[in-house]
Amino acid sequence: MEPNDAYVLSLTLGIAFGVVYGLASFITYRLALRKSARTFMMVAFGGMAIRLMMAATAVVLVLALAPVQPLPFVTSFFAVFAMALVLEVTVLHRQQTRQAVART
């Protein structure tokens, strides 16, 4: 594999893993929003914990088994992951705000 090919593969896999994490987060929240406030929080935080464990496992496996360059892979993954995490926290905050307004 050419050095440039490994770099492109590393970036592509990192971005793809981050996008998959973000999509899993979005799907979890879409399902959780249909539930009661208590169930929403359980699904939201439980789903977040499961996704974080799965993401960490996937990153370790890719670094151990795939011909990727660690720095571009990890950097691209964490860049997309951070964006997804900000979106995730924003959704949680908005849900909490809506619940507080609904109670008043």
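Values in this text are rule-based calculations from the coordinates and carry no lab data. Bear in mind the structure is a predicted one, so any value in this text is a computation, not a measurement. FYI the Cβ positions are ideal-geometry reconstructions off the backbone, even for glycines, and counts take in every protein chain you see.
Name the residue, out of ALA66, ALA102, ALA37, that is aliphatic (A, V, I, L, M), over 26 Å from SER10 (Cβ atoms), surrounded by 12 or more Cβ atoms within 10 Å (Cβ to Cβ) and more than 13 Å from the chain's Cα centre (by Cα).
On the way: ALA66 fails: over 26 Å from SER10 (Cβ atoms); ALA102 fails: surrounded by 12 or more Cβ atoms within 10 Å (Cβ to Cβ).
Of ALA66, ALA102, ALA37, the one residue that is aliphatic (A, V, I, L, M), over 26 Å from SER10 (Cβ atoms), surrounded by 12 or more Cβ atoms within 10 Å (Cβ to Cβ) and more than 13 Å from the chain's Cα centre (by Cα) is ALA37.
Please identify the pairs in which a residue from the stretch 71-92 that is over 24 Å from SER10 (Cβ atoms) has its Cβ atom under 7 Å from the Cβ atom of a residue that is among the β-branched types (Val, Ile, Thr), counting only partners at least 6 apart or on another chain.
Correct list of pairs: empty, since none qualify.
What's the number of the condition ARG51 fails, among (1) buried (at least 16 other Cβ atoms within 10 Å of the Cβ); (2) farther than 12 Å from GLU88 by Cβ; (3) basic (Lys, Arg)?
ARG51 satisfies all of (1) buried (at least 16 other Cβ atoms within 10 Å of the Cβ); (2) farther than 12 Å from GLU88 by Cβ; (3) basic (Lys, Arg) except (2).
Only one of (1) under 16 Å from the mean Cα position of the chain (by Cα); (2) under 30 Å from GLN69 (Cβ atoms) fails for ALA6. Which number is that?
So ALA6 meets the others, but not (1).
Please determine whether any residue of the stretch 13-23 is surrounded by fewer than 18 Cβ atoms within 10 Å (Cβ to Cβ), closer than 28 Å to VAL101 by Cα and touching a residue at least 40 places away in the same chain (Cβ under 8 Å).
No, the stretch 13-23 has no match at all.
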